[in-house]
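Input: a single structure, listed below in structure tokens.
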Amino acid sequence: MTLGAALGLVGVTNVSQAWSWSSSGSLAATDTVTDPFSVWDPVADDVASRLLGDGSIPAVNTAWESWTNNADSLPSGMPGYLTSYLTQVNKLPSWADAALLAASETLYTRLSSYLFVSESLGSGVLSTVIPREARAVYWSAGGADMKARAAKTFTFGYDLHNGNAWKPAGHFLVTANKTRLVHAAVRLLLPTSTHFAATADQPKPISNGDILRTFHSVATVAHNNMRKWGIPLSATEQAADLHAWQVALHLLGVQDQFIPASWSDAQAQATQMLWPVVAPTAEGIDLARTLLGYVEEPVAGLDTGFVSEFTRYLIGDQYADWLSLPHDLVSRALIQSAWPLYVAFREGLSPIVPNGFSLFDQALRGIAMLFLNNGTSPTQTPITLPTANRPGA
């Protein structure tokens, strides 16, 4: 069964409805109805506006090169207002649960290979049929160099799903704060693009709602995949998975009133905000072809048919047809039989050789990062602030 069929998504697109998800299902638990697509991130946006206005971004990008670990002091060479802002936000929220975050590190070490498949090939391509996201990515500076952009996105997931994600030597706290400011800069730059503005249906991109859509296309889809693939998760492990994402959303500037309090609340939110709006766009089709080309390029024997069919297996035929992915019936039969066997074999052996799979997973992800980084680092891609949109935008 494909992801689309498992979630009951086939044929469900472009359904318009008023926002009705209540914050009673959020961390705030206030039982109000506020449209997250009308809420942005004014504090970060103000900082990004000042950085763009006074020409400080090149100096900041240079200063950021030495700022990578959670325990690192804020770097010198930044404007005082940026240092002041980061001093306030570069920390966990008061409601963060240290035990659950530690449990997420252990869980993600175990699930690394599954998450790599679900989030890179599955959610990575799924993002190209989310119209707002596809257009925002395509017309921003990152859309002109998708290899570098993919590496930065990969870094976000790599750092969150690392066994040291929240420890002093981990990177996620820093990565999330850099990403939040990148979002703010893109929010300010994209409305100046005539091409983006021609198709935009909101005053500026990357609202709280748009960030939540991305969360669901990655985390909620992965959660569903773990269940679909028969991977056992205890109640504590499921809570740890969600909690890591709750903290991540907070660090990206999403208000507590929109962050789901449980997986059932997340499913209800995704049903309203994500699945009804997926649709093909010219920008998304171009991005998908580029992304899949990166998967095929570095691995001998991993041809277009196999990659396309694995993508179809993960996201469903309807979305794959929108992207004009080719069919390969031989590869399809192989994937449909081999992937469940691989999962069953892996889960059967994991109690016996738990560390062996972890080392393999790390190597696999490291090779992917090296390719995306053109061989510069197996773990990190510098996250830098943009100063312009896609050339010609």
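The values are calculated or read from the model by the stated rules, or taken from the named source; none is laboratory data. Just so it is clear, the model here is predicted, and its values are computed rather than measured. We place every Cβ from the backbone using ideal geometry, glycine too, and count neighbours over all the protein chains shown. Accessible surface areas use protein heavy atoms only, side chains included; no ligands, DNA or RNA. Shrake-Rupley method; radii C 1.70, N 1.55, O 1.52, S 1.80 Å.
For this structure, a couple of remarks:
- With respect to (1) exposed (fewer than 13 other Cβ atoms within 10 Å of the Cβ); (2) part of a loop (DSSP other than H, G, I, E, B), the lone exception for Asn70 is condition (1).
- Selection count, segment 42-67, where residues are open to solvent by 50 Å² or more (accessible area, probe 1.4 Å) and among the β-branched types (Val, Ile, Thr): 2
- Note on segment 17-40: residues that are open to solvent by 30 Å² or more (accessible area, probe 1.4 Å) and at negative phi total 15.
- Residue tally, condition among the hydrophobic types (A, V, I, L, M, F, W, C), in contact with a Ser or Thr (Cβ under 9 Å, 6 or more places away or on another chain), open to solvent by 10 Å² or more (accessible area, probe 1.4 Å) and in a loop (DSSP other than H, G, I, E, B), over segment 141-174: 1
- Residue ID - modelled with the highest pLDDT, chosen from residues in segment 249-284 that are within 19 Å of Arg149 (Cβ to Cβ) and open to solvent by less than 40 Å² (accessible area, probe 1.4 Å): Leu252
- Flag for Lys178 being among the charged types (D, E, K, R), more than 20 Å from Gly124 (Cα to Cα) and under 18 Å from the mean Cα position of the chain (by Cα): yes
- For segment 190-214, the tally of residues that are open to solvent by less than 20 Å² (accessible area, probe 1.4 Å) and in contact with a strand residue (DSSP E or B) (Cβ under 9 Å, 6 or more places away or on another chain) stands at 5.
- Index of the failed condition, Gly230 passing every other in (1) within 21 Å of Ser262 (Cα to Cα); (2) at pLDDT 95 or above; (3) not in a helix (DSSP H, G or I): (2)
- Some residue of segment 323-331 being in contact (Cβ under 8 Å) with a residue 40 or more places away in the chain and part of a helix (DSSP H, G or I): no
- One residue alone among Thr199, Thr236 is touching a Lys or Arg at 6+ places or on another chain (Cβ under 7 Å), farther than 22 Å from Val117 by Cα and of a type in the set (Val, Ile, Thr), and that residue is Thr199.
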